[in-house]
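A short worksheet on the structure shown next.
The values are calculated or read from the model by the stated rules, or taken from the named source; none is laboratory data. Keep in mind that what you see is a predicted model, and the values were worked out from it rather than measured. Cβ: placed from backbone, ideal geometry, glycine included. Neighbour counts: every protein chain shown. Ligands, DNA and RNA are excluded from the accessible area calculation, which covers all protein heavy atoms including side chains. Shrake-Rupley method; radii C 1.70, N 1.55, O 1.52, S 1.80 Å.
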Amino acid sequence: EKPLQRAVQAAKPILKGHEVRAIFGNLDVVLSLHRRFLAALQQRYDETPAGDQPCVGDILIAFADDMRAFARYVLSYDGVVEALEEVQKNQKYVRFYEELCTRNERVAALGLPSILVMPVQRLPRYNLLLRELLKYTASDHKDRKALEKASKLYSAIADEMDTRKGEAESTFELNKLSKQLEPKIKDLLQPHRKFIAKCQCEVFGPPVKGKSKSRSYMIFLCNDIMLVTKVKEHKFRNAPETYNVKHLWATSKLRVMTNADLEGMGAPSHMLDAGGCLLPLNTPEGDVLLFLESLKQKEKWAELLSKAMM
């Protein structure tokens, strides 16, 4: 049953075809894969003599390449979330969904967002299942070697998916940032450049003209550059967020300093009182202090910066 697709084909469609495709992505491919996977497992169980444990390692290996169908869905999942948020503004869709929940107990109990996230979670669960199977499968069991091979294959696919998702997210963030910066940075988009992280924090030090007080900045970190920006204020509430570029530093020219370097920097008292959240940083324009919201965030950024400096 595909009620949303039927609704698109109705005389007065609730949603447009591209909206339904954005919500469900390649779920038809994933669903077909799992029906075949389930049928193969069920056949193996039916054919196994009573009292024996069925061997499933070879089936898992046979379906390993097909499991890459998850990659396309996982890579498009952020778009799925955005599409769902957008259609929630459509009152016809909201009424349709509420009526659907009265007819479909599973949708009503879980909710469509929870159902759509399930394929994202599936492959990691297969990896957990394989670890458990290996844990309880004797070293001399006839299915042991096949399960070990399957475990390596599924772990490799999961790692590949994580890498591709990370690359896609990095490209998305850099493209988004390139449109938000003022002035524009002409060569921001580079094949080698990877977006790493961003955070809003107070920054103190001569380079940011903060000799007597700290200033709030939005910081963007890539593998080779660090941008220090100010959020631009707009007259209109719904105006797109933009950032004024104040500093651009090559990460190779940065150095994370120690807490001993805090002495003599003349930081504001509220910063010194929370010394555990201060990250001293030597830049091409002088020393600065990043005042982060927690010790955990400070440790995270110290690690990210150290890696980017290599």
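So which residues in region 198-222 are surrounded by 11 or more Cβ atoms within 10 Å (Cβ to Cβ), of a type in the set (S, T, N, Q) and modelled with pLDDT under 90?
Those that are surrounded by 11 or more Cβ atoms within 10 Å (Cβ to Cβ), of a type in the set (S, T, N, Q) and modelled with pLDDT under 90: SER214, SER216.
Which residue pairs have Cβ atoms under 9 Å apart, sit 6 or more places apart or on different chains, and have a first residue in region 281-303 that is closer than 19 Å to ILE225 by Cα and a second that is assigned to a strand (DSSP E or B) and of a type in the set (D, E, K, R)?
LEU281/ARG255; LEU281/ASP287; ASN282/ARG255; THR283/ARG255; LEU289/GLU202; LEU290/GLU202
Which numbered condition trips up GLY79, out of (1) touching a residue at least 24 places away in the same chain (Cβ under 8 Å); (2) more than 26 Å from GLY25 (Cα to Cα)?
All conditions are met except number (2).
Suppose we filter region 95-150 for residues that are under 24 Å from the mean Cα position of the chain (by Cα) and either over 30 Å from PRO13 (Cα atoms) or among the hydrophobic types (A, V, I, L, M, F, W, C) (or both); how many remain?
As a first pass, look at region 95-150 and keep what is under 24 Å from the mean Cα position of the chain (by Cα): 110-129.
Those still in the list that are either over 30 Å from PRO13 (Cα atoms) or among the hydrophobic types (A, V, I, L, M, F, W, C) (or both) too: 110, 112, 115-118, 120-129.
Number of matching residues: 16.
Can you tell me which of (1) touching a Phe, Trp or Tyr at 6+ places or on another chain (Cβ under 7 Å); (2) closer than 30 Å to TYR136 by Cα is the one GLY25 doesn't meet?
(2)
Working only within region 74-110, note down all residues that are closer than 26 Å to ARG36 by Cα and of a type in the set (D, E, K, R). Spell out how you get there, then give the answer.
Residues of region 74-110 that are closer than 26 Å to ARG36 by Cα, as a first pass: 74-77, 80, 104-107, 110.
Result: GLU105, ARG106.
Report the residue count in region 42-82 for those that are surrounded by fewer than 13 Cβ atoms within 10 Å (Cβ to Cβ) and under 17 Å from PRO124 (Cβ atoms).
Within region 42-82, residues that are surrounded by fewer than 13 Cβ atoms within 10 Å (Cβ to Cβ) and under 17 Å from PRO124 (Cβ atoms) number 0.
Here is a list: ALA146, ALA109. Which entry is at pLDDT 90 or above and aliphatic (A, V, I, L, M)?
One residue alone meets the criteria, ALA146.
Residue pairs, Cβ under 6 Å, 6 or more apart or interchain, first in region 38-52 and more than 15 Å from ALA62 (Cβ to Cβ), second open to solvent by 60 Å² or more (accessible area, probe 1.4 Å) and modelled with pLDDT under 95. List them.
Going by the 6 Å Cβ cut-off, there are no qualifying pairs.
Limited to region 83-94, what total is found for residues that are open to solvent by 50 Å² or more (accessible area, probe 1.4 Å) and in a helix (DSSP H, G or I)? Give the steps one after another, and end with the answer.
As a first pass, look at region 83-94 and keep what is open to solvent by 50 Å² or more (accessible area, probe 1.4 Å): 85-86, 88-89, 91-92.
Going one step further and asking which of them are in a helix (DSSP H, G or I), we end up with 85-86, 91-92.
Total meeting the criteria: 4.
List every residue pair whose Cβ atoms lie under 6 Å apart, where the two residues are 6 or more positions apart in sequence or sit on different chains, the first residue falls within region 114-126 and is in contact (Cβ under 8 Å) with a residue 40 or more places away in the chain, and the second residue, located anywhere, is open to solvent by 30 Å² or more (accessible area, probe 1.4 Å) and assigned to a helix (DSSP H, G or I).
Listed pairs, sorted by first residue: VAL120/TYR77.
Going by the conditions given, is ALA71 among the small types (Gly, Ala, Ser), part of a helix (DSSP H, G or I) and under 16 Å from LEU33 (Cβ atoms)? Spell out the reasoning first.
Working: among the small types (Gly, Ala, Ser): yes; part of a helix (DSSP H, G or I): yes; under 16 Å from LEU33 (Cβ atoms): yes.
Considered against the rule, which asks whether it is among the small types (Gly, Ala, Ser), part of a helix (DSSP H, G or I) and under 16 Å from LEU33 (Cβ atoms), ALA71 comes out as yes.
Got a number for residues in region 1-20 being surrounded by 16 or more Cβ atoms within 10 Å (Cβ to Cβ), in a helix (DSSP H, G or I) and not β-branched (Val, Ile, Thr)? Break it down into steps so the answer makes sense when it comes.
Start the filter on region 1-20 by keeping residues that are surrounded by 16 or more Cβ atoms within 10 Å (Cβ to Cβ), which leaves 4, 7-8, 14-15, 19-20.
Applying the additional criterion that residues be in a helix (DSSP H, G or I) yields 4, 7-8, 19-20.
Still in the list and also not β-branched (Val, Ile, Thr): 4, 7, 19.
Total meeting the criteria: 3.
Going residue by residue through region 55-68, is there one that turns out to be in a loop (DSSP other than H, G, I, E, B), more than 25 Å from LEU116 (Cβ to Cβ) and touching a residue at least 12 places away in the same chain (Cβ under 8 Å)? If you could, list the steps in order and put the result at the bottom.
At the first step, the residues of region 55-68 found to be in a loop (DSSP other than H, G, I, E, B) are 55-56, 63-64.
The next check asks that each one be more than 25 Å from LEU116 (Cβ to Cβ); those that pass are 55-56.
Subsequent filtering for residues that are touching a residue at least 12 places away in the same chain (Cβ under 8 Å) retains 55-56.
Yes, region 55-68 contains a residue that is in a loop (DSSP other than H, G, I, E, B), more than 25 Å from LEU116 (Cβ to Cβ) and touching a residue at least 12 places away in the same chain (Cβ under 8 Å).
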